[in-house]
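Have a look at the structure below, then the notes.
None of the figures in this text is laboratory data; all of them are computed from the coordinates on show. None of the values given here were measured: they were computed from a predicted structure. Note that we place each Cβ from the backbone using ideal geometry, even for glycine, and neighbour counts take in every protein chain shown.
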Amino acid sequence: MNRILIVEDNSDVLWVVKIVLKRYGFKVMAIPRGEDVMLKTSTFKPHLILLDVVLSGISGIDVCNELKANEKTSNIPVIMFSAHANMTDILKKANPDDFIAKPFDVNELVRKIKLQIEMHYNSFGRRRKVASSAH
């Protein structure tokens, strides 16, 4: 069962996404604070992180950059999501594996999650070595 860590400080959005992903068969941990991501990745060991761009406290952009800079978490795919109008600006400041705009279609979200997991892991659940590219 694939593990998804959701980081979202809006409790309504967090609740809905958690329920939807559980119905699609994912094991889900949901947290409202970006400051807790590094600790939760070491204990929960997510296959993917769904990360809101705008969080209270540390921003999702800073969290994404921290995840990608850390050797232990750099290969975990990160999908950022936001109602932020300028996706290009977000992608310049952070290097997520994918992005989805709010409000999002649930089927599109699940499709993106499955695609990222498939791209990053082989059928035996081991991490693939993903060649990093210079941005």
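Let's see if you can work this out: charge +1 on each Lys and Arg Cβ, -1 on each Asp and Glu Cβ, no other charges. What is the dipole magnitude of region 3-120 about its Cα centre, in debye to the nearest 20?
With only Lys, Arg, Asp and Glu charged at Cβ, the dipole is about 440 debye.
List the trypsin sites (Lys or Arg not before Pro) in region 33-86 that DSSP assigns to loop (not H, G, I, E or B) and whose Cβ has at most 11 other Cβ atoms within 10 Å. Which are they?
Taking region 33-86 and a limit of 11 other Cβ atoms within 10 Å, the loop trypsin sites (Lys or Arg not before Pro) found are 72.
Based on the Cβ-Cβ distance from residue 19 to residue 39, what FRET efficiency comes out when R0 is 25 Å, to the nearest 0.05?
E(calc), rounded to 0.05, equals 0.55.
For region 28-101, what are the per-bin percents of Cα-Cα distances with bins 10 Å wide, up to the bin holding the maximum?
Reading upward from the zero bin: 21, 59, 19, 1.
If amide H atoms are built 1.01 Å from N in the plane of the peptide, which residues on other chains or at least 5 residues away come under 5 Å of the amide H of residue 84?
102
Can you tell me the length gained on complete extension of the stretch residue 83 to residue 119, counting 0.36 nm per residue apart and subtracting the Cα distance?
Extra length available between residue 83 and residue 119 comes to 10.4 nm.
Over 27 Å between C-alpha atoms is what I'm after, so list which of 72/102; 72/92; 93/114; 27/92 land there.
Distance filter (> 27 Å) returns 72/102; 27/92.
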